[in-house]
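Only one structure is covered here, and it is reproduced in the block below.
Every number here is computed from the coordinates shown, using simple stated rules; none is lab data. Fair warning: this is a prediction, and the values are worked out from it, not measured in the lab. Don't worry about glycine lacking a Cβ; one is built from the backbone with ideal geometry, like all the others, and counts go over all protein chains shown.
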Amino acid sequence: MSLIGWRIERAAMSATVEGCQSEEVEFMASAAVKCVFEVDAPLEEAWQRLAEVERWPEWAPHITSVTVSPPGELGPTSSGALQIKRLGRNTFRMSVWEPPVRWEWVGGLPGVRIYYDHRFESSGPAATRLEWLVELHGPLAPLIRPVFARVYGRNLDRAIPRLQEWFRR
């Protein structure tokens, strides 16, 4: 259950380090941070536990608090905010809701829309494969993309092992 390396690709340059995978597309129309990993829980349980977004600070040290509206588990009309250390408040609204295989929420900054896609796939009776994709779109995305990919990738590098341990409790 290891993470795949994150990578920033540009025309003639590529660097790989441990963690999640970050990619810059040639035309800078979007960017992605991609994490693929497994947790020790059946698909329905993995979905149910991760849908308790207000509990994410228990395993994600970069998230200090989460508010969801309506309160409780995520749903097709959910919106909310994550308070991120050193970055501030990041709001989101649900854009795709396909239980128990996928949800996507959209947030952003002025000039940048950020799409956070969460995909779930059974990988056995007691394991679930998770794929998290993050894409940036908009006129300022090319400026923000390199820093965002590095910071977000490092945050996930620290959070994913803690999430995997959280599922073992």
Along the range 75-82, what does the Karplus equation 6.51 cos²θ - 1.76 cosθ + 1.60 (θ = phi - 60°) give for ³J(HN,Hα), rounded to whole Hz, x for Gly and Pro? x, x, 10, 5, 9, x, 8, 10
For Thr91, Thr128, order by how many other beta-carbon atoms lie within 10 Å, fewest first: Thr91, Thr128
Fully extended contour minus Cα-Cα distance, from Leu143 to Glu45, at 0.36 nm per residue: 31.4 nm
Other residues with Cβ under 11 Å from the Cβ of Thr67 give, with Lys and Arg +1 and Asp and Glu -1, a net charge of 0
Once the piece of chain linking Ala126 and Glu98 is laid out straight, how much longer is it, given 0.36 nm per residue of separation minus the C-alpha distance between them? 8.0 nm
Rank these for me by crowding, His118, His137, going from fewest to most other beta carbons within 10 Å. His137, His118
So, R0 is 22 Å and r is the distance between the beta-carbons of Arg169 and Thr67; what FRET efficiency does that work out to, to 0.05? 0.40
Can you give the net charge of the other residues whose Cβ lies under 9 Å from the Cβ of Trp166, counting K and R as +1 and D and E as -1? +3
Mean shadow area of the range 17-168 over all directions, Cα convex hull, nm²: 8.6
